[in-house]
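A.B. asks: Okay, handing you the structure first.
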Amino acid sequence: MKKILILSVLLIAQYSFSQDYNGTVIDKENNQSIPFASVWVIELNTGASCLANGTFSLPISLPNVVHLKVSAVGYSSATITVKKEKLSNFTIPLSPSHIELQEMEISTSTGILENYSVTSIESKTLAELTTISTTSLGQAIGNISGVYSNSTGNGISKPVIRGMSGMRISTYLNGLKIENQQWGGDHGIGVDALGIEKVEVIKGASSLLYGSDALGGVIYLKEAEYTESNHLEASVNSQFESNSLGFTNGFSFKLAKKNIRFNLFGNQTSHADYQIPSENYVFNSRFNGQAIKAALGMNKNNWVGNIRYSFITNELGIPGHTHDSIPLQEDLFKETTSRKKTLPLQVNSTHYISAENKFFFENSELKFTLGYISNDLQEFEEKVTIPGIEMKLNTLSYNGMWNIKKIKNHSIIFGAQGNFQSNTNSPKAEEILLRNLSATSHGIFSLIHSKWNEFTQTQIGIRGDLNEFDIKKQVNETENITLNYQSLNYSAGISYTRKKHAFRVNISSGYRPPHPIESLANGVHHSSRRFEIGSLSLKPEYANQLDFSYEYSNEHLSFIVNPYFSVIRNYVYLAFTDSISNGYPVVNYRQNHLTYFYGGEATFHYHPHFLHNLHLESNFTYLFAKDENQNSISAIPQPKLMALITYDLKSTHKLIPQSLAIQNTYFGEQSRVIENEIPTVAYNLLDIGANWKIKSKKLEGSLKIGAKNIFNSDYINHLSELKPLGIQNPGRNFYVTLNLTINQKIKSNEKNN
Amino acid sequence: MKKITNTALIIAALSMFSVSCNKKECHECHYEKDGAEVELGEKCDSDLETLEADGIDVNGVNYEVHCHEH
């Protein structure tokens, strides 16, 4: 025991001692020091604040080469690359600017400066996406152009990118792909907003780095950074929503001591049934959830390690339950609300653990992440202690990437990623929808990013994938069913950036093998209210996408237009039949030969010179889809036009808000539907909000008060899973969000070497 | 400072506890006999599980038991 203690102390001491790197942040125009600027080490997710005289100190161990993000109020932020030995009395100049429309950011998902990226990446902080507070992370992501949210009531929402969702979208949390039975339209995204700081969306089949099966795109979630070195930060937050009497209470705790950093987050959510504009409540749309997240970061010289753990559990009522073929209104709606647990119910619990290692060499970077996800999904239909279905999905995944940064003007990435998966049905469950199986997936890829001159960059890449599913035999079968798939995919793109203009063209392919649920389903999916039948004859889906974007930006205006065209061979869809089994409509998994998706997104951000306090942001999304016979495709999102106006009052008075926001979202008509699918009429949603800043000597925070759907519009989103039952989305909803944070410097007695 | 650290750790520990602890689960149960619902009252935990799994025997006839409001 004594030896372990001594060893632990030595280990901590080893991580605690480090050189002190320092410098000054100055104004580029007058060489005056800038007080309280932030100097952030991107590789370590930590950093320091400058003192009043503009000096900073980084008492941590650094890799040989680091990227520093330097920002200050009234200045354009800068991302600089610097060798650590230069970081002694180092001077960083910043250019004055009264406005910053788009920060120079390094993409978390690709590691490339976003402005130089050849693919279309849209990056937003969660704070930007929740200027008007949202109920769920899925709703917040739905504010990004080209992205929608498919929902089952308030509790379940999952992202839709360019008309695709579920297995055609990959969601990554800090480099680990989330595996949580995402084939189900009613199985949510699997993570909540707890501790999430930034969302990056790669649209379309253009990400070789994150799997060729992401035909629709990739959502990359980045957890909150650690606090400043030698600091402690604690916060509490709370949100209340009037419509569903919903609350979310959470806390965070961050501690950073030289080369060891720790984050802890937790929250609890509870919502009663939500109210529709007619003042009735949607029965059993209630939900409860808890989540806890922890992260431990360490670094020594050129090594950076992060260990992360999350546990998320949700009890989600499934609204729209009825035993009648023509639903009775009294089964679907009630005059009173409740949060008491009732049936049907989905209980979804997931443990995530990941270990990330990064090694920084002179001209290259090696990153390796090992992760384990254990997801337990239970759906209760008629009995509260015996699940209708219960499946445990365990996934062990790896993700390795070697980024060689400089071979003349080229950088090369080699990588491998894959997983080992098992799905096991509980013997306690009444039925089996997806059979017991094991699956393996392995992919290797390489990308070459080249900078040909000051303006032109290219990126080409190739990726090979192997997938195997071993489906366990049933009583009446003699052997397991084994399904093998393999594919080769490519990506090629060019970007041309000159002065205020940037052009990007990207052509890429993707492939998705049929999931066993599509091949072998044969049972009731309670939450979807369907009897699903799969087909072993399904072939893999193959996608090809051409994506073009043009961007204009100056100090006051930013404008992006991003048209695309995508063709998918063997597109899998659910076809309704006239049959009923076990009281549910029977649906078959089928394929189209060719399916075309095309459309575009446009975003606009204007900050008028004559009124610096005003921001106008707008985005428009349009998508058209058809098969080779010109027939419509089901569940294609409505056109969307979103406009957000924010006005910074910059008041120092405690009672006057810091900013006001008004957001209008127009969803156009969707009349291109398949047989048995109901068209959707256009509607408009208006939201308003006011944000206060709280600042005292030791306490900082924010207070948000606002209202969503302020005109109480009666609408059903085209992507709502409750649409076939005529169940409306929530009516008017007032919210209050409070966040309080204490940040303290820790006294350190350790001497630097 | 020590107070802040301790408070934060207590909040964290309590939250962890609230996530992991199992609450007692009770529900009103009934079975259907001759088209009418026969109430069995509130049943909890193992009693509830047994009733749902095995049903109830009344005069040599086994009836399926339901323990939820819908």
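Every number here is computed from the coordinates shown, using simple stated rules; none is lab data. This is a predicted model, so every value here is computed, not measured. Note: ideal-geometry Cβ built from the backbone for every residue, glycine included; neighbour counts use all protein chains shown.
A.B. asks: What distance in nm separates the simple spin-label points at residue A:410 and residue A:80, each placed 7 Å from Cα in the Cβ direction?
C.D. replies: Going by the 7 Å Cα→Cβ label model, 3.1 nm.
A.B. asks: The stretch A:211-259 to the stretch A:311-390: how many Å between their Cα centroids?
C.D. replies: A separation of 19 Å, based on Cα centres.
A.B. asks: Let me know the Rg and Dmax you get for the stretch A:670-753 when you use only its Cα atoms, in Å.
C.D. replies: 23.2, 74
A.B. asks: Consider all pairwise Cα distances in the stretch A:144-230 and report the whole-number % of them above 19 Å.
C.D. replies: Values: 1387 of 3741 pairs.
Everything past 19 Å amounts to 37 percent.
A.B. asks: If I take all pairs of Cα atoms in the stretch A:257-390, what percentage of them are more than 18 Å from each other?
C.D. replies: When every Cα pair of the stretch A:257-390 is considered, 68 percent fall beyond 18 Å.
A.B. asks: With N set to the residue count of the stretch A:328-392, report its C-alpha Rg divided by 2.2 N^0.38 Å to two decimal places.
C.D. replies: 2.04
A.B. asks: May I pose another question? Please find the FRET efficiency linking residue A:743 to residue A:497, where r is the Cβ-Cβ separation and R0 is fixed at 41 Å, and quote it to the nearest 0.05.
C.D. replies: 0.60
A.B. asks: List the residues of the stretch A:378-410 whose backbone N lies under 15 Å from a point placed 7 Å from the Cα of residue A:422 along the Cα-to-Cβ direction.
C.D. replies: A:391-397
A.B. asks: So what is the relative contact order for the stretch A:191-319, in percent, with contacts set as C-alpha pairs under 8 Å and at least six apart?
C.D. replies: Averaging sequence separation for qualifying contacts and normalising by length gives 17 percent for the stretch A:191-319.
A.B. asks: Ignoring solvent entirely, what values of log10 I(q)/I(0) come out of the Debye formula for the stretch A:545-673 at 0.13, 0.15, 0.16, 0.22 Å⁻¹ when each Cα is a single scatterer?
C.D. replies: Here log10 of I(q) over I(0) equals -0.75, -0.86, -0.92, -1.26.
A.B. asks: Report, to one decimal in Å, the Kirkwood hydrodynamic radius for the stretch A:574-622 based on all distinct Cα pairs.
C.D. replies: About 15.9 Å, per the Kirkwood formula over Cα pairs.
A.B. asks: Then there's this: Please report the relative contact order for chain A, taking Cα pairs under 8 Å with a sequence separation of at least 6, and give it as a percent rounded to a whole number.
C.D. replies: 10 percent
A.B. asks: Roughly how large, in nm² to one decimal, is the mean projection of the convex hull of the alpha-carbon atoms in chain A?
C.D. replies: 33.6 nm²
A.B. asks: Which distance in Å, rounded to a whole number, links the C-alpha centroids of the stretch A:411-482 and the stretch A:564-632?
C.D. replies: 25 Å
A.B. asks: Evaluate peptide A:383-389: per residue, the Cβ atoms of other protein chains within 10 Å of its Cβ; return the mean as an integer. Before the final figure, lay out the partial values.
C.D. replies: Numbers: counts 11, 11, 12, 3, 0, 0, 0.
For this peptide, the per-residue mean of nearby foreign Cβ atoms is 5.
A.B. asks: With just the Cα atoms defining each centre, how far is the stretch A:32-62 from the stretch A:116-194? Give it in Å.
C.D. replies: 33 Å
A.B. asks: Please list A:468-479, A:335-346, A:690-701 highest first by mean number of surrounding beta-carbon atoms within 10 Å per residue.
C.D. replies: Details: A:468-479: 12.2, A:335-346: 17.6, A:690-701: 13.8.
Going from most to least packed, we get A:335-346, A:690-701, A:468-479.
A.B. asks: Rank these for me by crowding, A:42, A:710, A:678, A:202, going from fewest to most other beta carbons within 10 Å.
C.D. replies: Least crowded to most crowded, the residues run A:678, A:710, A:42, A:202.
A.B. asks: Between residue A:351 and residue A:363, what is the spin-label point distance in nm, taking each point 7 Å from the Cα along the Cα→C-beta axis?
C.D. replies: Result for the modelled spin labels: 4.5 nm.
A.B. asks: Related question: For B:51-60, what's the mean count of beta carbons from other chains sitting within 10 Å of each residue's beta carbon?
C.D. replies: Mean partner-chain Cβ count within 10 Å for B:51-60: 1.
A.B. asks: Sticking with this structure for a sec: Once the Cα gyration tensor of the stretch A:414-470 is found, what semi-axes does its equivalent ellipsoid get, as square roots of 5 times the eigenvalues, in whole Å, sorted largest first?
C.D. replies: Semi-axes, largest first: 43, 11, 7 Å.
A.B. asks: Can you order the peptides A:129-141, A:28-40, A:434-446 by their average number of other Cβ atoms within 10 Å per residue, highest first?
C.D. replies: By packing density, highest mean first, the sequence is A:129-141, A:434-446, A:28-40.
A.B. asks: Over all alpha-carbon pairs in the stretch A:17-70, figure out the percentage whose distance exceeds 18 Å.
C.D. replies: Tail of the P(r) past 18 Å holds 30 percent of the pairs.
A.B. asks: Ignoring solvent entirely, what values of log10 I(q)/I(0) come out of the Debye formula for the stretch A:415-554 at 0.13, 0.18, 0.22 Å⁻¹ when each Cα is a single scatterer?
C.D. replies: The computed values of log10 I(q)/I(0) come out as -0.74, -1.04, -1.32.
A.B. asks: What Kirkwood hydrodynamic radius do you get for the stretch A:610-753 when you take the inverse of the mean 1/r over all pairs of distinct Cα atoms, in Å?
C.D. replies: Values: mean 1/r = 0.0526 Å⁻¹.
Result for the stretch A:610-753, one decimal place: 19.0 Å.
A.B. asks: Give me A:213, A:331 sorted ascending by neighbouring Cβ count inside 10 Å, so fewest comes first. Intermediate values should be presented prior to the final figure.
C.D. replies: Numbers: A:213 26, A:331 16.
Fewest-to-most Cβ neighbours within 10 Å comes out as A:331, A:213.
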